[in-house]
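The values are calculated or read from the model by the stated rules, or taken from the named source; none is laboratory data. Remember, it's a predicted structure, so these values are computed and weren't measured experimentally. Heads up, the Cβs are rebuilt from the backbone with ideal geometry, glycines too, and the neighbour counts pull from every protein chain shown. Surface areas here come from the heavy atoms of the whole protein model, side chains and all, with no ligands, DNA or RNA. Shrake-Rupley method; radii C 1.70, N 1.55, O 1.52, S 1.80 Å.
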Amino acid sequence: MLPNRMQLSRQTEEQLKKLKGYTGITPNVAARLAFFRSVESEFRYSPERDTKKLDGVLVLDKITWLGETLQPTELVLKMLYPQIEPKMLIKAWAAHVDDGISSLRNHRNINNFMNSIK
């Protein structure tokens, strides 16, 4: 359902890289956590209000981005956005990662980070 090659916006990518510098958590793992945190917070992607371009330089395959969460992520996206065409689901995924990283990006060490996701 999601394309094999995926990327985020440059801004989101920079936030993931900064988080890695502070906590050591890789961008793909942080993106997984951010996605599900965003879904839990009831954020919903709206194609009409979407102005972000997926212009990040970190282009990874979906297995690397999503790992063992690949099937649950695709299922959640399909459930939340049944009317969106498959090409647009990557933008929905990227919007959720962008939304979710906002609550995780300010942690300065792994202990604070882990306490925030409990």
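Look at (1) at pLDDT below 95; (2) surrounded by 13 or more Cβ atoms within 10 Å (Cβ to Cβ) and you find that Glu74 fails only one, number (1). As a summary of the residue check, Glu68 satisfies the conditions (1) without any contact (Cβ under 8 Å) to a residue 40 or more places away in the chain; (2) touching a strand residue (DSSP E or B) at 6+ places or on another chain (Cβ under 7 Å); (3) farther than 18 Å from Asp99 by Cβ except for the one numbered (2). Taking the criterion of being in a helix (DSSP H, G or I) and open to solvent by 20 Å² or more (accessible area, probe 1.4 Å), the residues of the range 1-22 that qualify are Arg10, Gln11, Glu14, Gln15, Lys17, Lys18, Lys20, Gly21, Tyr22. Residue count for the range 54-71 satisfying the condition of being assigned to a loop (DSSP other than H, G, I, E, B), of a type outside the set (A, V, I, L, M) and surrounded by 15 or more Cβ atoms within 10 Å (Cβ to Cβ): 1.
Considered as a group, the residues in the range 82-99 that are part of a helix (DSSP H, G or I) and either touching a Phe, Trp or Tyr at 6+ places or on another chain (Cβ under 6 Å) or among the charged types (D, E, K, R) (or both) include one that is most open to solvent (accessible area, probe 1.4 Å), and that residue is Lys87.
For the range 38-53, how many residues are outside any helix (DSSP H, G or I) and open to solvent by less than 50 Å² (accessible area, probe 1.4 Å)?
3
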